[in-house]
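Colleague: Here it is: the structure, laid out below.
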Amino acid sequence: MKEYTEEKSVGLEHEKSIVYDDFAPSSASDAEVQDTQLNFVDRWAHKLKAETKGIDLVTDEEKTDSSVWNAATMWLSANLVIATFALGALGITVFNLAFGQAVLTIIFFSAIGNFTVAYFSCFGPTLGLRQMILSRFMIGDLTVRIFSVINVVACVGWGAVNIMSSAQLLHIVNNGALPPWAGCLILVLCTILVTFFGYHAIHFYEKWSWIPNLIIFIILIVRFAMTDNFHSANFVGGETTAGNVLSFGSTVYGFATGWTTYASDYTVYQPRNTNLVKLFIAIFIGIYAPSVFILILGAACATATKTNPAWAESYDNYSVGGLVYSILVTDSLHGFGQFCCVVLALSTIANNIPNMYSIALSAQTVWTKFSKVPRVAWTIIGNGATLAICIPAYYKFESVMENFMNLISYYLAIYESLVLSSHLIWHKGKFRSYDYERYNDKQSYPVGLAGTFGFCCGVAGVILGMNQTWYMGVIARQIGDYGGDIAFELAFAFAFIGFNTTRYFEKKYIR
């Protein structure tokens, strides 16, 4: 271990001389920024005290965020939002499950999805690398580029789905006076404002933004309970129900595990001696508790659409925004209820911030030349793309959300299968096996042939098990009247077999 430490120290000094001349850390002085010849965007961002660091290694001197509470509240705020509520409602309105069935599905699939987010967050303090960059050591350069491209698309998709649910609420609160595009624009601009300043500003915002959201959700619970509109259907078994449970479970899993491919992005400034067990527990609770709480609340409120015609019509016309408005405003809190709706709509900002921050880091990983484009610029570009998509998709929110969440679960299952296999089997679960200072040296990580083959195997599993409105896999269609989505389970298994079978040969004959 002593030899290894000495070797790392030497390697770090060598790496600094090679790599860091092209970057400036977020705490760099004005002189340092000028010396590194950063482009005008980063110089401008630096003057505004924004983070200018991109995908480069976070050094020990920069690891100043020792608060585990910061790490936990990051995900607490991001999940205590209206988009989570909207997803929970799908279990009743789309998949026709009894409330109890929806609850059990939420509890189980959220747990397995949230596990990987908390687990990979522990890589940030130890390695000091962003999630896509550290993945190079596990699944190879080529495979990481594939996932980085998908990640960029997914971040835009996440942003669009989240904004649509809030834009619906803003639209109905203003009695249609605020057009959908204007609501979407407001939310995008607020997201840009926070993500522009980077890591520390994001953690500061997320540390407190959950408080007003929680207060509004408690008010929502009280008002809903007073209506006596809760209705729980009886459990119905059979193949069709099983298929619906699997399909809703895939949707929940896609939401719960959606942060996995950028988990370490939000812990890289934690010191290397951080207690990883404590960090894991804090993040898991911080993400699991609010997710399950709000998903179940969404399912509970959605049961009223089965018995209350007025609420059902409002949901049909305005989706989840109409449902929340019916609970908080109509024959309820009136003006104050409208204020609550606005606060709840703005909660989406906390959920979109991680997506619009990490989209820049994923884009910089796709291609070496992309890393020269500042993180701030990528953030603005990503928000622009989100705005362009969410406005037309606004009118098809329910189907867009269901299909998008399922697609997210597919590719993340493949990613998790490959990365977990590599770390636990080929790296034997040891952080010291990663020569993280050489993250830009292609000789220090695999080419990615095994990872790419595993990815292709995972895609084959998706094709067999997916259940979408536009395509139903051979295996999926065997489950009940409407099919059952088991694509992410098959994707995980197929990718695991394909990767671990070929990794031996890649390691032996290539590198």
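Colleague: Over region 2-509, what relative contact order in percent results from Cα pairs under 8 Å that are six or more residues apart?
Modeller: Relative CO of region 2-509 lands at 28 percent.
Colleague: Still on this structure, please answer the following. Going by C-beta contacts inside 10 Å, put Glu206, Glu489 in order with the fewest on the left. Please list the in-between numbers first.
Modeller: Working: Glu206 26, Glu489 17.
Result, fewest neighbours first: Glu489, Glu206.
Colleague: How would Ser209, Ser362 line up from fewest to most surrounding beta-carbon atoms within 10 angstrom? Intermediate values should be presented prior to the final figure.
Modeller: Details: Ser209 23, Ser362 29.
Ranking Ser209, Ser362 by Cβ neighbours within 10 Å, fewest first, gives Ser209, Ser362.
Colleague: With 10 angstrom as the radius, rank Leu189, Leu178, Leu449, Leu57 by how many other C-beta atoms surround their C-beta, starting from the fewest.
Modeller: Arranged by neighbour count, lowest to highest, Leu189, Leu178, Leu449, Leu57 become Leu189, Leu178, Leu449, Leu57.
Colleague: Round to the nearest 0.05 the FRET efficiency obtained for Lys430 and Ile107 when R0 = 35 Å and r is the Cβ-Cβ distance.
Modeller: Efficiency for this residue pair is about 0.60.
Colleague: Counting residues in the chain as N, plug N into 2.2 N^0.38 Å and put the Cα Rg over that result.
Modeller: Working it through for the chain, the quotient is 0.97.
Colleague: Using helices alone, I'd like the mean residue ellipticity at 222 nm for the chain: each DSSP H run of four-plus residues gives -39500 (n - 2.57), total over residue count, nearest 500.
Modeller: After summing the helix terms and dividing by residue count, I get -23000 deg cm²/dmol.
Read-outs throughout are calculated quantities, based only on the coordinates presented, and are distinct from any laboratory measurement. Predicted, not measured: the structure shown is a model, and the values here were computed from it. Here Cβ is always computed from backbone atoms with ideal geometry, including for glycine, and neighbour counts include all displayed protein chains.
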